[in-house]
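Enquirer: Below is one structure. I have some questions about it.
Quick note: the coordinates plus some simple rules give every number you see, no bench work behind them. All values reported here derive from a predicted model rather than from experimental measurement. Cβ atoms come from the backbone with ideal geometry, glycine included; neighbour counts cover every protein chain shown.
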Amino acid sequence: MTTISSIMDGVVFVGRAGNVVLLNSAAEDLLGVRALVAAGKPLDAIEGGGDLLQTLIADQRRTAKGKEFARTVEVHHSQHDLLYVKCTTRFAQDHRGEPCGVITLLRDVTADFKTDQLKNQYLSIVAHELRTPLTGIKTFSTMLAKGSLGKLDDRQRRACESIREQSVRLEHQIDKLINLGNLESADYGQDREVVTVAEFSTGLLLPFEQPARDRRITLTFRADTTEACLFADRADLRRACQALVENAVKFARDGGTVEVRIERTADGGLRFGVADDGIGIDPRYQRRIFEKFFQVEDPLTRHHGGAGLGLFVARGIVEAHGSRIEVSSQLGRGADFSFMLPLHRPTAEAAAAGAAGSPQERVSCKEPS
Amino acid sequence: MQRTVLIIEDEKLIIVSTQMVLEAAGFRVESATNGEDGIGKAKAQAPDLILLDIMMPGIDGWETLTRLKRDPATAGIPVVIFTAREHSRGHQKSTEMGAADYFRKPFEPDELIELVEKHVAQKT
């Protein structure tokens, strides 16, 4: 008991009967409620608590058995300006594993939250500042290379094409930088729209063409459809696909191949796949490569650059779209990464497909609001 | 008749490059460097489409969009949001607020032309 009362996090334990059994001093401070007053009462009978107490009541009610419920809330505290408190609620079990009440931990995460906010704001401003001049470089070089601003000779055109290619590479790097700010967020796949294969795949490989050429890697792209539609977050989906391509180019053999393919599947989906003929992945690491910052090689002696975030981000995005990335690989025999998403059909067609008794053709994603 | 696109954007460079792309595709391009001025030009010139930046000094793009959609004189002009910054659920937000589309900078010149053609055609 002494241990619990002296820890920094707030702890509120409500017993099986629905009354407060324990409320430590950190919880007293955050909730603005005295333990002596609260003990033995149901949470909603305690007077004088503020917003945080209401959050606690709501969270304890909605917490399902066996699951943890966590969220961060803004609290207007009487003695501090504004606090951000992370509330984690779950069922507590007794020594037989039977539920014996509900426990909530309250952690003051104001400092982390503010740092995070500041970091994201900063990254967002940096991105804006970098993308603006890049827009000019990309637009003018594209127009020059296409001959829209007058005819160029071969060398001049190649130079303009190179400027354009480098601007696309830079753009890709900026997108990756922005991603650093969104690593922890559950925000992937939120901005969904109906998007065609052509719309999300145009220029997909452009940032990797030069790195591939430099190592004589043949980078090929094959799509058996351009019109098929997905209901997806276009920017995130591109990010996930590009992470897989970047990874494949990085680990392909010099003079080897990387094959990118988009194809319809027999069951009404769309499969995106990337295969390389490189060093392959040891079966021991085939799940771990999706962990944040995970690298198979020792970071000090390794040959391949990168922060170990690409596959982690790709997995987050694909999972947010309700799918998962499959890997098949043998050490020394290359790797094949792929994932599948359901095709989007306009509502009327989808209903007709459903009525026609073809369950595989039904669309399982939500309509845009 | 030549179709007109109004760009509301505080960065001169973006105006110049967008203008070059759209003029090459046969559009007439007008520009305004802030929201207030943009709303005025939208009313006076009734363009076929508006390209609207979000991050601008003074009233920002979202507020400009709200005012354009509230005024019957400009409510019917398709507005395409044109942004270089990450906006949480930006695409959904712009659709909810009445924008016709959402477009990220840097852009592919061909995609910009295609997008503008599409919305101008839908309007007429």
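Enquirer: Looking only at the protein assembly as shown, where both bridge partners belong to it, what percent of the DSSP beta bridges are antiparallel (to the nearest 5)?
Expert: 70
Enquirer: Taking the 0 to 90 degree range and rounding to the nearest ten, how far is the long axis of helix A:154-181 tilted relative to the main principal axis of chain A, both from C-alpha atoms?
Expert: 10
Enquirer: Calculate, in whole percent, how much of the Cα-Cα pair population of the protein assembly as shown lies beyond 29 Å.
Expert: 62
Enquirer: Suppose every K and R has +1 on its Cβ and every D and E has -1 on its Cβ; what is the size of the dipole of the stretch A:2-108 about the Cα centre, in Debye to the nearest 20?
Expert: 500
Enquirer: If you don't mind, there's one more thing I want to ask. Enumerate the aspartates and glutamates that residue B:12 could reach by cross-link, defined here as Cα to Cα under 15 Å, with residues fewer than 8 away along the same chain left out.
Expert: Of all the aspartates and glutamates, those that pass the test against residue B:12 - Cα under 15 Å, at least 8 places apart if same chain - are A:129, B:30, B:37, B:53.
Enquirer: Let me ask something else about it. Once you mark the chymotrypsin sites (Phe, Trp or Tyr not before Pro) that are in a DSSP loop and have at most 15 other Cβ atoms within 10 Å, what is the longest gap between them in chain A?
Expert: Result for the longest clean stretch: A:1-292.
Enquirer: Count the net charge of all other residues whose Cβ sits under 11 Å from the Cβ of residue A:122, scoring Lys and Arg as +1 and Asp and Glu as -1.
Expert: Net charge in that neighbourhood comes out at -1.
Enquirer: Quick one: which residues, 5 or more positions from residue A:223 or on another chain, have an amide H under 5 Å from its amide H? H modelled 1.01 Å from N in the peptide plane, none for Pro or chain starts.
Expert: A:262
Enquirer: Let me ask something else. Can you tell me the 0 to 90 degree angle between the C-alpha axis of helix A:310-320 and the longest principal axis of chain A, rounded to 10?
Expert: Approximately 70 degrees, to the nearest ten.
Enquirer: Rounded to the nearest 500, what is chain A's calculated 222 nm mean residue ellipticity when only DSSP H runs of at least 4 contribute -39500 (n - 2.57) each, over all residues?
Expert: After summing the helix terms and dividing by the residues of chain A, the value is -12500 deg cm²/dmol.
Enquirer: So what's the back-of-envelope 222 nm ellipticity for chain B, counting only DSSP H runs of four-plus at -39500 (n - 2.57) apiece and dividing by all residues, rounded to 500?
Expert: Here the helix-only value at 222 nm equals -13500 deg cm²/dmol.
Enquirer: Moving to a separate point now. Could you tell me the calculated FRET efficiency between residue A:159 and residue B:24, based on Cβ-Cβ distance and R0 = 25 angstrom, to the nearest 0.05?
Expert: 0.75
Enquirer: Moving on. Please list the non-local residues whose amide H lies under 5 Å from the amide H of residue B:30, H modeled 1.01 Å from N, same-chain partners needing a gap of 5 or more.
Expert: When sequence neighbours closer than 5 places are left aside, the close amide H contacts are B:5, B:6, B:7.
Enquirer: If you don't mind, another one. Which of the GluC sites (Glu not before Pro) across the stretch A:189-278 are loop residues per DSSP, with 12 or fewer other Cβ within 10 Å?
Expert: A:227
Enquirer: Taking a 29 Å limit on the Cα-Cα distance, which of the listed pairs A:67/A:292; A:41/A:114; A:146/B:41; A:138/B:69; A:86/A:119 fall beyond it?
Expert: Violating the 29 Å Cα-Cα cut-off are A:41/A:114; A:146/B:41; A:138/B:69.
Enquirer: Then there's this: Among the trypsin sites (Lys or Arg not before Pro) in the stretch B:40-107, which ones are in a DSSP loop with at most 14 other Cβ atoms within 10 Å of the Cβ? Mind listing them?
Expert: Passing sites in the stretch B:40-107 are B:89.
Enquirer: I would also like to ask the following. Once fully extended, how much extra length lies between residue A:220 and residue A:198, figured as 0.36 nm per residue of separation less the alpha-carbon to alpha-carbon distance?
Expert: Working it through step by step, the gained length comes to 6.3 nm.
Enquirer: Which cross-chain or sequence-distant (5 or more) residues have an amide H under 5 Å from the amide H of residue A:218, H modelled 1.01 Å from N in plane?
Expert: Long-range HN contacts for residue A:218: A:256, A:257, A:258.
Enquirer: Enter the angle in degrees (range 0 to 90, nearest 10) between the Cα long axis of helix A:110-146 and the first principal axis of the Cα atoms of chain A, meaning the one along which they spread out most.
Expert: 10
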